[in-house]
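The block underneath contains the structure these notes are about, expressed in structure tokens.
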Amino acid sequence: MIEIHNLNLAFGRKPVLQNLNISFEKGKVHGIIGLNGAGKSSFFNALTQVIPPDSGSIRFNGNALKRGRIGYLETNNFFFFHLTGREYLHIFEQTNTAFDLPAFEKLLLLPLDDLVENYSTGMKKKLALLAVLKQDKPIYIFDEPFNGLDLESNRTLELIIQTLQEKGKTILLSSHVLEPLLHTCNQIHLLQNGSFVKSYEQPDFGRIREELFQHLEVEIRNQLQQAL
Amino acid sequence: MKGIPTTLLQVRLIQLRREAQTLGWIHKLLFLVLLLVFMAVSHNVSQKAPACWAVPGALWVSAVMAQLFRPDKDFVFLHIRKPAQEIFLEYAAFSLPFILPILFSPNWYCFPVYFIGLWPISFLRKSFPSQARFVFLGRLFPPTAFEWISGFRQASPVFVIGYLTAIAFCWVKALPLFLLWLLNLLFVSFYQECEPLNLLRAFADTPEELLRKKLLLHGKILLWLNVPVLALQAVFHPVIGLAGIIFLLLQLITLAFTIFLKYATYRPNMVVKSNTLLISLSQMGVIFPFLLPLPLVMCFRYYKRAKLNLIHFLPA
């Protein structure tokens, strides 16, 4: 169980996360949704302590959560462009003994002997994902993992997430598109103005779109009628 | 200035101002002194032929290299009006402080000849396609030396030409040392890019461990590249042997400083170009005796800063 109590983070005077409280059950897939600027990436950055929170506690199984226990796939993946994909992956020590690189190479259709410079956005995402999967961690955080992936890779990623869950991993993922989260998550949490305002269990997923977008849709339609 | 294509110059001016803001007044003063020293050296060298061609020649080769490898070339030719003129003015402005003193020497004619030679360079649109050159580097170096593998591939033509020239001219006194110094300037530029967080965390758990590992691994590569040339030079000129050892020590100190500076300013996924000025300054310490203590002092200063900064990012 990941337990977060009274987490606060501000950039200068602007609060980004405010008294954020939430628990993530172990061995489940948790989706994080929210509008742009709601604080999703900041929340992940605070969790991985890329940006240390100003106050609050983050505990995993009763102890303070250590950074080394998290496998983190960031939204934007940065590479040394003149390395090949294979060289990039070799940098990471393989702690996940089951990780089979040739199998993934075929599955994800990655030209690992090409320079990363020549990779498409989706290929870079897949390469970064492989680096994360190579390491055995109890917690995986995937920030916008579906960005730039084609339909087939999208489905493959959904299946990868399911397999990780079957192995008892706790997974947190965010997406701007709701559908992949509906397919993969056990719980979806709504982040608004820096705190979690609602959590949905799997049977309630059908209500998310209705609750989130119904009033927005009317508003947007009215505005569009005037603007277009 | 109306009608004169100065877009690129204005961009460079903004970049220079931004970099200058990161420097203290001591560093600014040192730069001014260095610039004056370079101008004096240029004026001195230009007094006699054929040595007068050394500065224009070196500047011309630098301009060719810059033009061949500049990453914004396609953008400039596609989106900026009068791209060749823009590029010509850019190179002319940057080389002016070094070439101007020649105008006031008996061999003043080098000055217009240099600019005539510079003109066609600005029309060069040839780029080298990115391929997995030097695939063996991945086997030669451990994967954790990713800065070097990537850097070598990116700058391979310059490195190969420079290194082979240094070996071929080992019999010429001090020339290989100068070429190695230029190549080492290239090597320290490999440290501009900050690796992503997962890469940093894959390397070590604590700041001390990371800095130690980097220093040992990269120091070994530096020695491996410098020692053969210096040894050959010592065979032909035993007097230079001792200078070679001092040179090597200073290069190692500069490398250490470069690594510490990178991690003192490390932010995941950032390109820290503002460090270039400080690194260049520390490299000057290798050739200008009055700057000798500088890399060492900066080394100690930035080791502490690197450790403090890395605490935020490493797992332990």
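The values are calculated or read from the model by the stated rules, or taken from the named source; none is laboratory data. All values reported here derive from a predicted model rather than from experimental measurement. For neighbour counting, all protein chains shown are included, and Cβ atoms are generated from backbone atoms with ideal geometry for every residue, glycine included. Heavy atoms of the whole protein, side chains included, go into the accessibility calculation; ligands, DNA and RNA do not. Shrake-Rupley method; radii C 1.70, N 1.55, O 1.52, S 1.80 Å.
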Next item on the list: Sticking with the crude label model, points 7 Å out along Cα→Cβ, report the distance from B:Leu32 to A:Asp204 in nm, one decimal please.
Entry: 6.7 nm
Checklist line | Inverse mean reciprocal Cα-Cα distance (Kirkwood Rh) of region A:51-167, Å | finding: 15.3 Å
Check: Given a 1.4 Å probe and the protein chains all in place, what does the accessible area of A:His90 round to, in Å² to the nearest 10?
Finding: 100 Å²
Notebook entry, point to check: Going toward the positive end of the dipole of the protein assembly as shown, with +1 on Lys and Arg Cβ and -1 on Asp and Glu Cβ, which of B:Tyr191, B:Ile161, A:Ser195 do you reach last?
Noted result: B:Ile161
Notebook entry, point to check: Along the three principal axes, how long is region B:1-62 when you take its alpha carbons, biggest first, rounded to the nearest angstrom?
Noted result: 39, 38, 20
Checklist line | Relative contact order, percent, chain B [alpha-carbon distance under 8 Å, six or more residues apart] | finding: 17 percent
Next item on the list: Using the Kirkwood radius over Cα pairs, work out the Stokes-Einstein diffusion coefficient for region A:35-85 at 10 °C and 1.306 mPa s, in µm²/s as a whole number.
Entry: 121 µm²/s
Next item on the list: For helix B:175-188, report the angle its Cα long axis makes with the longest principal axis of the Cα atoms of chain B; keep it between 0 and 90° and round to the nearest 10°.
Entry: 60 degrees
Checklist line | For region B:211-276: relative contact order, % (alpha-carbon pairs under 8 angstrom, 6 or more apart) | finding: 34 percent
Notebook entry, point to check: Per the Debye formula with a single identical scatterer at each Cα and no solvent contribution, what log10 I(q)/I(0) holds for the protein assembly as shown at q = 0.10, 0.13 Å⁻¹?
Noted result: -0.96, -1.36
Note to self: Can you tell me the mean projection area, over all orientations, of the convex hull of chain A's alpha carbons? Units nm², please.
What the structure shows: 14.6 nm²
Margin query: Suppose accessible area is computed on protein heavy atoms with a 1.4 Å probe; arrange B:Arg17, A:Arg209, B:Arg70 from highest to lowest.
Written below: B:Arg17, A:Arg209, B:Arg70
Check: Just which residues of region B:171-210 lose 40 Å² or more accessible area with every protein chain there, against their chain alone, with the probe set to 1.4 Å?
Finding: B:Glu193, B:Pro196, B:Leu197, B:Asn198, B:Leu199, B:Arg201, B:Ala202
Checklist line | Which of B:Val286, B:Val41 is most accessible, then next, and so on - probe 1.4 Å | finding: B:Val41, B:Val286
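Just need the relative contact order of region A:1-94 here, percent rounded to a whole number, with Cα pairs under 8 Å and 6+ apart.
The value is 30 percent.
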Next item on the list: Can you give me the P(r) profile for region A:109-210? Cα pairs, bins 5 angstrom wide beginning at 0, each as a whole percent.
Entry: 2, 11, 21, 22, 19, 13, 8, 3, 2, 0
Next item on the list: Can you grab the distance from the C-alpha centre of region A:1-80 to the C-alpha centre of region B:140-179, Å, no decimals?
Entry: 44 Å
Margin query: If I take all pairs of Cα atoms in region B:249-300, what percentage of them are more than 18 Å from each other?
Written below: 26 percent
Note to self: Just to verify a number: FRET efficiency for B:Phe178 and B:Leu78, C-beta to C-beta distance, R0 = 51 Å, to 0.05?
What the structure shows: 0.85
Checklist line | Overall Cα dimensions of chain B - principal axes, largest extent first, Å | finding: 61, 53, 43
Check: In the protein assembly as shown, carbon and sulfur make up what percent of the accessible area (probe 1.4 Å)?
Finding: 64 percent
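Show B:Tyr266, A:Tyr72 ordered by accessible area, largest first, where the area counts protein heavy atoms only and the probe is 1.4 Å.
Working: B:Tyr266 0, A:Tyr72 25 Å².
Result of the area sort, largest leading: A:Tyr72, B:Tyr266.
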Margin query: Please list, by residue number, every one of the chymotrypsin sites (Phe, Trp or Tyr not before Pro) in region B:38-124 that is coil in DSSP and has at most 14 other beta-carbon atoms within 10 Å.
Written below: B:Phe104, B:Trp108, B:Tyr109, B:Phe123
Checklist line | Per-selection Kirkwood Rh - region A:112-158 (Cα, Å, 1 d.p.) | finding: 11.6 Å
Note to self: Given bins 5 angstrom wide, list per bin the percent of all Cα-Cα distances in region B:121-217, short to long.
What the structure shows: 2, 11, 16, 18, 19, 15, 10, 6, 3, 1
Next item on the list: Take the alpha carbon atoms of region A:187-228, find their center, do the same for region B:1-79, and report the distance between the two centers in whole angstrom.
Entry: 55 Å
Check: Working out 0.36 nm times the residue gap between B:Gln15 and B:Leu242, then minus their Cα-Cα distance, what length gain in nm do you get to one decimal?
Finding: 77.7 nm
Notebook entry, point to check: When all protein chains stay in place, what accessible area (Å², nearest 10, 1.4 Å probe) is found for A:Glu144?
Noted result: 10 Å²
Notebook entry, point to check: Hey, what's the protein assembly as shown come to in accessible area per residue, 1.4 Å probe, Å²?
Noted result: 50 Å²
Check: How much accessible area is lost when chains B and A come together, counting both sides, with a 1.4 Å probe, in Å² rounded to the nearest 100?
Finding: 2400 Å²
Margin query: Residues of region A:103-132 losing 20 Å² or more of accessible surface, assembly versus chain alone, probe 1.4 Å, please list them.
Written below: A:Leu115, A:Glu117, A:Asn118
Note to self: Looking at the calculated P(r) for region B:159-265, what percent of the C-alpha pair distances fall above 23 Å?
What the structure shows: 34 percent
